[in-house]
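Submitted below is the structure of interest, expressed as structure tokens.
The values are calculated or read from the model by the stated rules, or taken from the named source; none is laboratory data. Since this is a predicted model, take the numbers as computed values, not measurements. Here Cβ is always computed from backbone atoms with ideal geometry, including for glycine, and neighbour counts include all displayed protein chains. Each accessible area value is taken on the protein alone, full model and side chains, heavy atoms only, with ligands, DNA and RNA left out. Shrake-Rupley method; radii C 1.70, N 1.55, O 1.52, S 1.80 Å.
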Amino acid sequence: MRTQAGTCAEAAAVSGPGRREPDACLRTAPAQIVEIVSDSGEGAQTAGQLFGTVCAKMGNGVWTVEIIPAEIEPPARSREGASGIRIRFGTEPVTNMGNKADVVVAFNEQVLYSRIDQDALRPGTVLFIDDKWAASSDARTREDYGKALQDFRERGYDVREIPIEEQTRKHTETPQRGKNMWVLGLLSALYNRDLAPAMDEVRLLFERRRKGEAVIELNHQLIRSGYTWGMEHLDQRFDIPARPHRESMVVMNGNAAVAMGCIAAGIEVCSMYPITPATSASHYMAGVFHTAGGFLHQAEDEIGAIGFALGASYAGKTAVTITSGPGMALKTELIGLAVMAEIPIVIVDVQRGGPATGLPTKVEQGDLLSSLFGQPGDVPKVVIAPSSIEECFQFMITARKLAETFRTPVIVLTDANLATGQTPFAKPKASEEWLSPPVDQSPWKKGVPAYAWDSETGLSARPIPGQPDGAFVLTGLAHDEHSHVAYASAKNQQAMRMRSRKMAALQKTLKPPKVHGDEDGDLLVVGWGSTRGAIEEAVDEIRRDGQRVSSLHIRFLAPIEPGLREIFGRFRRVMTVEINYSDELTDPLIDADSRRYAQLAWLLRAHTLVDVDCWSRVPGQPLPPHLIETAIRERLEGER
Amino acid sequence: MYGLKTDWPAEIPPRYFTLQEYEGSLPRWCPGCGDHGVLTAVQRLCRDEQLEPEKTVFVSGIGCASRFPHYMKAYGFHGLHGRALPVACGIRARRPDLHVFVATGDGDCCSIGAAHWVHAVRYNMNMVLMLLDNNVYGLTKNQTSPTSLKGRKTNTHPRGAWLEPIDPIQTTLGIQNASFVAQTVDWNPPHVLATLKAAHRHPGMSFVRILQRCPHYPNQDFVELQNNPAKLLLLTHADGIEVDDAVKRMFKNRQEHDPSDLDGARRLADREDAVPVGLFYRNDSADRYDRNTVEGLATSRRDKIAALEAELSRYEI
């Protein structure tokens, strides 16, 4: 890689850093996927997020996804301990993590194996690996390093040893805490990025972490050092043309979007118990919620968390509880109570791999059916799933309104992919209409019962403590409209009917979902939640070959969006693509009789009576478009 | 009587609540159940303190005692087994204007809800926690409760309970930040009322264990206590629970106990020869979590939007 040393430097001397002059080794590319992987604690994610922000600022489409190990500080140089980040950026907007990496910067060679295991690399992927291990005092390390590099070359990767630590050490005694910034500089050179926004972002970051000017200056030095080294030694650099944004943009991950959505919805109480991957939403809130008049309660356990939220909601301040799968399991009984007593509450489930403790840091869409049906008895409730980070924000406002209007729990299903992914979107224009109304303390109308169910819609006004002449006791026991314990059998039937009717009333206000692609065809691919970007990218790719494939994304899971049967009828076949487990018809013992379907497929089959097929996987990472594409093509070929 | 003295210079409040105005549905507890007496005491407390019914909330879990909210005319939340305390804390969190009472039993509080009990005491949010302790699961028909005496024969332990019971007083005294720990017996209504009054006036979480008789699955210990009141030891102190001399005379044995003395309280709770009634411990200056949870309560809609806009700007690129 040092063969053409000097070429870029000479070009830079002419053009100056950051200027868009023609440059001998600069090539234009529409998009790139770059990863930084390291041992835990080496700051790869920080550098990657900064790089992503710089790209977004310059007007590129960006999606970043974190690579998170299961432990805080796993053993160094271990395959399972890889910590890092992928940044996919391009001229067009980016909606998912994409396929194989173009470039990987690795702080040691062993962590690369975890990326190979995840099928993240392709022949030709450029690997920048810190060369410090070649000179290790430990013979075993030197040997491992040599072997791995040879292996990488045999696998067809473009291996380039670079002096990350050696260069970093020129500026700091503790290169472990500076390498990431040097790499940020290197990537800025590689991708022809402006240095000024990187410098600004670093300043902001360290100011937020309350670091002094000396720390900021050191980090700036490291970035410049990486950049200069890159300009002097890289034989190939890329320019990714950008389209300046016409409107203001924000960039954040899904958990921050959920938390900010809570603030936008006027929610004042967030009650939680720490759980991965939901906790970062609470971390964010803990820092800022008070500025918007909110309070974050860290409860003694998951049950206490939803109990507290339910109490606040009952007392007039519709609250949110944020959790993940195991927390949902624990909250089950109180969710049932919220349905029974008709208490509004918003429950966010940032799904991770299950069952049990499962894959705590990894993505799965495994909680759909348990959210819909996970309580004993009939539990009609609203379940919605944002399909983008922007929707993570918007849906919280919707969720609070629905919860109050329909006197019901609303479950918002996101997942680890949305939670940690970052992408820019148009800056929302804050509106007072989003906020919850003030707590109603006006006198309760005499003679109106606690549940004055409208016989058509099942809706009823919600009494709030403090309202004179209300004084109702809400109960988890079966009850009549007066909230009196139902001893007469017909009362239970009536109450169940009214709670169920609310879902129909909501469903009648929804519009059928929009088909992506043609309105009819050979195959309709249906998805929900975080997979939308990847599914649509795969479908677009196949449509370029003239295949008659379209896709549909469902956001309201309960009540289910209307018109699905009619839409499905316009396609020869319908299948879902999901990140959860389903049996394959090619597996032993599995046939149409014994097959267990993916969760949305199961739901759609029951709802539409259409023979909906499915393809689902549980790799513990988002589904890359190419895998979806292959699955769809196989279905299309199987058809012929 | 109220309002009859014409020479009063006092302002006359526009509303006056009679006892009947706190009466909800007709109680369906068994005849002879100790809960009846506690209910009456609570209704008298509400009347005496003139608590506005709409500003008063009774929260409960599941069990005989947890039917309590239905029998009051006030706001109520009859929730799930063991989960009354988190709900009550949530209600308290943003509604400092409400009077919050929790009615719970020995199974509800000390078994299935034990984690919440420990933490709610530590949170020390302003409310009254009434533990109606009858030493048995009554509603589900005679199973061992965590406060059942060792050797007691029940449907789940027909050969007798294996283990020593939990002592709710001693346990509560052991929780950091406990601020009010008292004990009374259902068969002494004036003492129940006096205790609950002191609990209601205490700023913080007031834990009141009420020894409560179950007529259906009687606890021989309580029967004996009732028959032989000499085993009861009345705790007296100027800072304790105020009872008049008539009530005092019901107790043969009395002991002066300063409720700020935590070690003394623990020694009292340990006594096997006597059952102390009265105030074990009080600390009016313990940290109160509900002072934190009301943070930002007065934030205007405009300020909320301004905060949101500031946050969005922080993420602007």
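Output the qualifying pairs, or none if there are none: Cβ atoms under 7 angstrom, residues six or more apart or on different chains, first residue in the stretch B:158-187 and of a type in the set (D, E, K, R), second residue crowded, with 20+ Cβ neighbours inside 10 Å.
Note: pairs meeting the criteria are B:D167/B:A269; B:D186/B:G34; B:D186/B:V38; B:D186/B:V192; B:D186/B:I210; B:D186/B:L211; B:D186/B:Q212; B:D186/B:R213.
For (1) under 27 Å from A:L337 (Cβ atoms); (2) surrounded by 22 or more Cβ atoms within 10 Å (Cβ to Cβ); (3) modelled with pLDDT of 95 or more, each residue gets a yes or a no:
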| position | (1), (2), (3) |
| --- | --- |
| A:A256 | no, yes, yes |
| A:M260 | no, yes, yes |
| A:A265 | yes, yes, yes |
| A:M272 | yes, yes, yes |
| A:H290 | no, no, yes |
| A:L296 | yes, yes, yes |
| A:D301 | yes, no, yes |
| A:G311 | yes, yes, yes |
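Is it true that A:I535 is aliphatic (A, V, I, L, M), open to solvent by less than 10 Å² (accessible area, probe 1.4 Å) and farther than 24 Å from A:E364 by Cα?
For A:I535, the condition - aliphatic (A, V, I, L, M), open to solvent by less than 10 Å² (accessible area, probe 1.4 Å) and farther than 24 Å from A:E364 by Cα - is not met.
Every residue in the stretch A:235-251 that is touching a helix residue (DSSP H, G or I) at 6+ places or on another chain (Cβ under 7 Å) and either more than 10 Å from every other protein chain (Cβ to nearest Cβ) or open to solvent by less than 10 Å² (accessible area, probe 1.4 Å) (or both), please.
Residues satisfying the conditions are A:D235, A:R237, A:F238, A:A242, A:V250.
Additional query: For B:Q220, which of the numbered conditions (1) away from every other protein chain (no Cβ under 14 Å); (2) in contact with a helix residue (DSSP H, G or I) (Cβ under 9 Å, 6 or more places away or on another chain) fails to hold?
(2)
Residues checked against (1) assigned to a helix (DSSP H, G or I); (2) buried (at least 22 other Cβ atoms within 10 Å of the Cβ); (3) on the phi > 0 side of the Ramachandran plot:
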residue: B:I210; (1), (2), (3): no, yes, no
residue: B:P215; (1), (2), (3): no, no, no
residue: B:A238; (1), (2), (3): no, no, no
residue: B:S260; (1), (2), (3): no, no, no
residue: B:G264; (1), (2), (3): yes, no, no
residue: B:L279; (1), (2), (3): no, yes, no
residue: B:A286; (1), (2), (3): no, no, no
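Name every residue in the stretch A:313-335 that is in a strand (DSSP E or B) and either at pLDDT below 95 or more than 11 Å from every other protein chain (Cβ to nearest Cβ) (or both), in order of residue number.
Across the stretch A:313-335, the qualifying residues are A:V320, A:I322, A:T323.
Which condition number does B:S148 fail, the rest of (1) in contact with a Cys (Cβ under 9 Å, 6 or more places away or on another chain); (2) open to solvent by less than 10 Å² (accessible area, probe 1.4 Å) being met?
It is condition (1) that B:S148 fails.
Quick one: which helices (runs of 4 or more DSSP H) sit completely within the stretch A:549-640 and have at least 3 residues that are more than 23 Å from A:A534 (Cβ to Cβ)?
Those helices (runs of 4 or more DSSP H) span A:599-608.
Same structure, new question: For B:V118, are the conditions met, namely being within 11 Å of chain A (Cβ to nearest Cβ) and part of a strand (DSSP E or B)?
no
Residue check: is B:D244 modelled with pLDDT of 95 or more and open to solvent by 30 Å² or more (accessible area, probe 1.4 Å)?
no
Tally up the residues in the stretch A:156-194 that are open to solvent by less than 30 Å² (accessible area, probe 1.4 Å) and assigned to a helix (DSSP H, G or I), please.
Counting residues in the stretch A:156-194 that are open to solvent by less than 30 Å² (accessible area, probe 1.4 Å) and assigned to a helix (DSSP H, G or I) gives 17.
Kindly provide the set of residues from the stretch A:428-462 that are in contact with a strand residue (DSSP E or B) (Cβ under 8 Å, 6 or more places away or on another chain) and within 14 Å of chain B (Cβ to nearest Cβ), ordered by number.
Within the stretch A:428-462, A:P428, A:A450 qualify.
Are any residues in the stretch B:240-258 of a type outside the set (K, R) and either in contact with an Asp or Glu (Cβ under 8 Å, 6 or more places away or on another chain) or assigned to a loop (DSSP other than H, G, I, E, B) (or both), and if so, which ones?
Within the stretch B:240-258, B:G240, B:I241, B:E242, B:V243, B:D244, B:M250, B:F251, B:H257, B:D258 meet the criteria.
Further question: When you check A:K491 against the structure, is it charged (D, E, K, R), away from every other protein chain (no Cβ under 14 Å) and in contact with a strand residue (DSSP E or B) (Cβ under 9 Å, 6 or more places away or on another chain), yes or no?
yes
Which of the residues belonging to the stretch B:288-303 are touching a Ser or Thr at 6+ places or on another chain (Cβ under 9 Å) and assigned to a helix (DSSP H, G or I)?
B:D303, the sole residue that qualifies.
Quick check on my filter: what residues within the stretch B:73-96 are more than 7 Å from chain A (Cβ to nearest Cβ) and either more than 14 Å from B:F58 (Cβ to Cβ) or assigned to a loop (DSSP other than H, G, I, E, B) (or both)?
B:H81, B:G82, B:P96
Okay, moving on. I'd like the full set of residues that are touching a strand residue (DSSP E or B) at 6+ places or on another chain (Cβ under 9 Å) and either open to solvent by 20 Å² or more (accessible area, probe 1.4 Å) or not acidic (D, E) (or both), limited to the stretch A:106-122.
Across the stretch A:106-122, the qualifying residues are A:A106, A:F107, A:N108, A:V111, A:L112, A:S114, A:R115, A:Q118, A:A120, A:L121.
So which of A:A419, A:A450 ends up being open to solvent by less than 10 Å² (accessible area, probe 1.4 Å) and assigned to a loop (DSSP other than H, G, I, E, B)?
Of A:A419, A:A450, the one residue that is open to solvent by less than 10 Å² (accessible area, probe 1.4 Å) and assigned to a loop (DSSP other than H, G, I, E, B) is A:A450.
What about B:H36, is it farther than 30 Å from B:A298 by Cα, free of Cβ contacts under 8 Å to residues at least 12 places away in the same chain and more than 8 Å from every other protein chain (Cβ to nearest Cβ)?
So B:H36 passes the test.
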